[in-house]
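Participant: Structure incoming, see below.
Readers should treat all values here as calculations from the given coordinates under stated rules, not as data from a laboratory. All figures in this text were calculated on a predicted structure; none of them were measured in a lab. Don't worry about glycine lacking a Cβ; one is built from the backbone with ideal geometry, like all the others, and counts go over all protein chains shown.
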Amino acid sequence: MVTNHGVPESLMKAIIEASGEFFELTEEEKRGFEGKHVLDPIRYGTSFNASVDKILCWRDYLKIFQHPQFHSPNKPPVFREIAVEYSKKVRQVVREILRGVSESLGLEDDYIDKTLNLKHGRLQLRVPAATNIQQSLRYTKIVLYDK
């Protein structure tokens, strides 16, 4: 857990509420955001493969690319505005952590950032369907990778 990160509590509450609104959409509306490929910029899905799995471990998720170009579902309307601000703040936190790790290793403060040549970051919100959304967002991930 990261503390004193500078992400306002009001923004954290807002992304929790906006995410809750997304996952409260009808199944048909959410299916409109199902991706076909793991690298689709917006991808809604579940943690099981219905055509293969006999026992369903149901965890819905929403994955959106957030850098260098921000992608977002258009429903609910409030989600995009909040998610773009949240993404910017969290990306700043991640870059600051990378700076700290670089410095602690005796490297230039931007060494890891430059060496990894991070071109894309993906904000991944994973929300189990039958669980409290506040608990679920504890597992929000920022996945940084080079394409």
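Participant: Fewest to most neighbouring Cβ within 10 Å: what's the order for Ile16, Ile42?
Facilitator: Going from least to most buried by this count: Ile42, Ile16.
Participant: Okay, next question. Say each of Tyr111 and Lys13 gets a label point 7 Å from the Cα, pointing the same way as Cα to Cβ; how far apart are those two points in nm?
Facilitator: Going from the Tyr111 label point to the Lys13 one covers 4.2 nm.
Participant: On to the next question. For Glu81 and Thr26, compute 0.36 nm times the residue count separating them, minus their Cα-Cα distance, and round to one decimal in nm.
Facilitator: My answer for the length gained is 17.7 nm.
Participant: If each residue's Cβ is checked for other Cβ atoms within 10 Å, how do Lys30, Lys63, Lys88 rank with the fewest at the top?
Facilitator: Ordered from fewest to most neighbouring Cβ atoms within 10 Å, Lys30, Lys63, Lys88 come out as Lys88, Lys30, Lys63.
Participant: Starting from the 7 Å offset along Cα-to-Cβ, what nm value, one decimal, do you get for the label separation of Thr3 and His37?
Facilitator: 4.4 nm
Participant: Then there's this: Sort Met12, Met1 so the one with the fewest other Cβ atoms within 10 Å of its own Cβ comes first.
Facilitator: Met1, Met12
Participant: For an R0 of 30 angstrom, estimate the FRET efficiency from the Cβ-Cβ distance between Asn74 and Glu96 and round to the nearest 0.05.
Facilitator: Step by step, r from the Cβ atoms, then E = 0.45.
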